[in-house]
1. Would you please give the residues with an amide H less than 5 Å from that of ILE66, counting only those at least 5 places away or on a separate chain, with H modeled from the backbone geometry?
2. Among SER39, SER103, SER75, which one shows the highest mean-square fluctuation when the chain is modelled as a Gaussian network with alpha-carbon springs under 10 Å?
3. Choose one answer from ALA108, ALA72, ALA95: the residue with the largest mean-square fluctuation in a GNM of the chain with alpha-carbon springs under 10 Å.
4. For the chain, find the longest principal axis of its Cα atoms and tell me its angle to the long axis of helix 8-20, 0 to 90°, nearest 10.
5. Determine ³J(HN,Hα), in whole Hz, for all residues of the stretch 77-89 in sequence, where each value follows from phi through the Karplus function 6.51 cos²θ - 1.76 cosθ + 1.60 and θ = phi - 60°; x replaces Gly and Pro.
6. If you take the square roots of the eigenvalues of the alpha-carbon gyration tensor of the stretch 8-69 and sort them as a ≥ b ≥ c, do you get rounded (a/c under 1.5), prolate (a/b over b/c) or oblate?
7. Which one, ILE16, ILE107, ILE93, has the greatest fluctuation when you compute a Gaussian network model over the chain with C-alpha springs under 10 angstrom?
8. With +1 on each Lys and Arg Cβ and -1 on each Asp and Glu Cβ, and nothing else charged, work out how big the dipole of the chain is about its Cα centre, in Debye to the nearest 20.
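Every read-out reported here was derived from the displayed coordinates using simple, explicitly stated rules and does not represent laboratory data. Treat the numbers as computed from the prediction; the structure is a model and nothing was measured. Glycine gets a Cβ as well: all are built from the backbone with ideal geometry, and neighbour counts include every protein chain shown.
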Amino acid sequence: MATPKIFESEYRFCLILWEHEPISSRELSELCKEKLGWSKTTTYTVIKRLSERGVVKNENTIVTSIVSKDEAEVSEIDELMEKKFEGSLPAFIAAFARRQKLSDDEIAEIRQIIEGGK
């Protein structure tokens, strides 16, 4: 099953949730007010919307994630690769490497990941 789309403002909300879950919707709305400047109504609307899309669940006012941070990140990268690089991982990596100087340690870490050592 595909990971549901998480839009940018929703992702910022999810970062707060992932850091504090499980958390009451009241406490979550307080954190969103403090960190995002959201009203209680906005937070509850986002919880409802993400619940309907299968990203979070809200049971007895306790909010937890269904989609993990890793799953959300991988989904976003997959979408970016498909849209901008026609699904080509080598093209994606080449574009990234051209724009940013990689250290020897980063190159070694990438090699290790590619070779399955991690």
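1. It is VAL56, LYS57, by chain and number.
2. The residue with the greatest mean-square fluctuation here is SER103.
3. With Cα springs under 10 Å in the chain, the top fluctuation among ALA108, ALA72, ALA95 is at ALA108.
4. Here the helix axis deviates by roughly 80 degrees.
5. 5, 4, 5, 4, 4, 5, 5, 9, 10, 6, x, 8, 5
6. Numbers: a/c = 1.32, a/b = 1.23, b/c = 1.07.
Note, shape of the stretch 8-69 comes out rounded.
7. Looking only at ILE16, ILE107, ILE93, the largest GNM fluctuation is found for ILE107.
8. Values: 18 positive and 22 negative charges, 99 e Å.
Dipole size: approximately 480 debye.
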